[in-house]
Amino acid sequence: MKKIAILTGAGVSAESGIATFRDSNGLWENHRVEDVASPEGFARNPELVLEFYNQRRAQLHTVKPNEGHLLIAALEKEYDVTVVTQNIDDLHERAGSTNIIHLHGELLKARPAKGDGFIVEWPGDIKPGDVSDKGVQMRPHIVWFGEGVPEIENAARVVSQADLVIIVGTSMQVYPAAGLVGYAANSVPVIYIDPKPTISYELKQRGNIHLIEKGGSEGMADAQKLLTELLEK
């Protein structure tokens, strides 16, 4: 069975009503990103950070997967598909995808703020005073700015073994995720779906790139037809 690696970002979930990471003014939901998405921000004001993610989590419970998510999940009927996503929502899971690597963590999980600790399912609010069995305050299971990306090596392995790569809903400008396409063999076709594509350094270094200048759902519909042709060559 042919292996497909699909790299997804905020643009896929935007069609479901989830805001993309940063507004044009550089703020995220009217907050400085450094204040709500960094270890330093959490140390300064844990209440603000916890409430910020509580609001994101509450919003997640009000939205549904869109056609793009569903089309990605449907590819598993014919191919060995792994989704490598920068998104922290669970919309790929709800759409039916079964092999998902979350590079930046998962909104519906929590872990202790210090130490390696355990990761637990956490669908509701995280409040000050919610602690682990060792008395450590719990925090969202999110990779913040300045923190390592534990799943990046696993993701690189998946891309290196792929027969075809699809990029959808991400501008491929944020590292280390942006460097993942560089792990695909040069002979491997890359389908890049974006209404206003930006060709990253890694993409410029390779051939066999097929642009689809559309949004996630429309683009995935076109990609279904194209990938059949590419994989049969």
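Please verify whether segment 58-71 includes one or more residues that are touching a His at 6+ places or on another chain (Cβ under 7 Å) and of a type in the set (Val, Ile, Thr).
Taking segment 58-71 and keeping what is touching a His at 6+ places or on another chain (Cβ under 7 Å), we get 69.
From what is left, the residues that are of a type in the set (Val, Ile, Thr) are none.
No, that holds for no residue.
Evaluation of ARG139 against the conditions (1) open to solvent by 30 Å² or more (accessible area, probe 1.4 Å); (2) basic (Lys, Arg); (3) in a strand (DSSP E or B) shows that the sole unmet condition is (1). Consider segment 45-73. How many of its residues are surrounded by fewer than 19 Cβ atoms within 10 Å (Cβ to Cβ) and among the β-branched types (Val, Ile, Thr)? Summing the residues that are surrounded by fewer than 19 Cβ atoms within 10 Å (Cβ to Cβ) and among the β-branched types (Val, Ile, Thr) in segment 45-73 gives 2. Can you find even one residue in segment 154-169 that is under 22 Å from ILE100 (Cβ atoms), assigned to a loop (DSSP other than H, G, I, E, B), touching a residue at least 24 places away in the same chain (Cβ under 8 Å) and open to solvent by 40 Å² or more (accessible area, probe 1.4 Å)? Scanning segment 154-169, I find at least one residue that is under 22 Å from ILE100 (Cβ atoms), assigned to a loop (DSSP other than H, G, I, E, B), touching a residue at least 24 places away in the same chain (Cβ under 8 Å) and open to solvent by 40 Å² or more (accessible area, probe 1.4 Å), so the answer is yes.
In summary, ASN87 fulfils each of the numbered conditions (1) in a loop (DSSP other than H, G, I, E, B); (2) open to solvent by 40 Å² or more (accessible area, probe 1.4 Å) with the single exception of condition (2). Of all the numbered requirements in (1) part of a helix (DSSP H, G or I); (2) farther than 30 Å from ASP163 by Cα; (3) at pLDDT 95 or above, VAL63 misses one, and that requirement is (1).
The values are calculated or read from the model by the stated rules, or taken from the named source; none is laboratory data. Here the structure is a predicted model, which means the values were calculated and not measured. All Cβ positions, glycine included, derive from the backbone under ideal geometry; neighbour counts span all protein chains shown. These area figures cover heavy atoms from the full protein model, side chains too; ligands, DNA and RNA do not enter into them. Shrake-Rupley method; radii C 1.70, N 1.55, O 1.52, S 1.80 Å.
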